[in-house]
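See structure below.
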Amino acid sequence: MKSLARDTSRSTSAWSRPTRTDGPQPDARLLEGDAKTRLILQEQQASRLRSSCFSGLKLRNPSWDMLVALLAAKRNGTQLSMSDLCLMCDAPESTALRLIHQLREKGYAEMVPDRSDRRRTRVSLTRMGETQFDSYLDKIGNA
């Protein structure tokens with residue numbers, strides 16, 4: 001019978017990315033994208049940290065949290081459902097849905113019906129949204 005215990009014989013942890021020594025190495029654009037992704041994820045973590053340190057104050061911005069989640073999903077090649085975004089932004093569901101529709105109306109997000117479940121709608125960051133993030137990340141990276 002196969003053991004369900006985690007295999008500890010490998011030295012890589014769940015948080016480290018294995019490095020490839022064979023085959024082509026990633027080009028500079030991919031490495032730059034990874035650096036920008038790290039910057040935005042650090043920004044998201046800082047937002048959560050501020051909220052946890054200043055209990056009782058609402059320091060988070062639901063629209064920003066949604067944009068960050070959409071960027072991370074886009075960089076990972078995935079899409080989020082509307083319910084995923086509602087949960088991620090720490091706002092009442094009605095507020096979250098209104099904000100998702102505002103992001104779509106402003107051109108930052110697009111909504112597509114899920115092919116496998118017609119009851120679900122997927123949300124993704126538009127090209128314009130990604131361009132705006134790149135500009136923002138360039139500015140905070142140089143600050």
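Read-outs throughout are calculated quantities, based only on the coordinates presented, and are distinct from any laboratory measurement. Nothing here was measured: the structure is a model prediction, and the numbers come from that model. Please note: Cβ atoms are built from the backbone with ideal geometry, for glycine as well, and neighbour counts cover all protein chains shown.
The table for this structure:
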| quantity | calculated |
| --- | --- |
| Sparsely packed trypsin sites (Lys or Arg not before Pro) within the range 29-106, loop by DSSP, other Cβ within 10 Å at most 11 | 58 |
| Full-stretch length increase - residue 131, residue 46 - with 0.36 nm per residue and alpha-carbon distance subtracted | 28.4 nm |
| Residue 115-residue 60 FRET efficiency (beta carbon distance; Förster radius 30 Å; 0.05 resolution) | 0.40 |
| Projected-area mean, the range 59-141, by convex hull of Cα positions, square nanometres | 5.8 |
| Inter-probe distance in nm under a simple model that places probes 7 Å from Cα toward Cβ, at residue 78 and residue 35 | 2.7 |
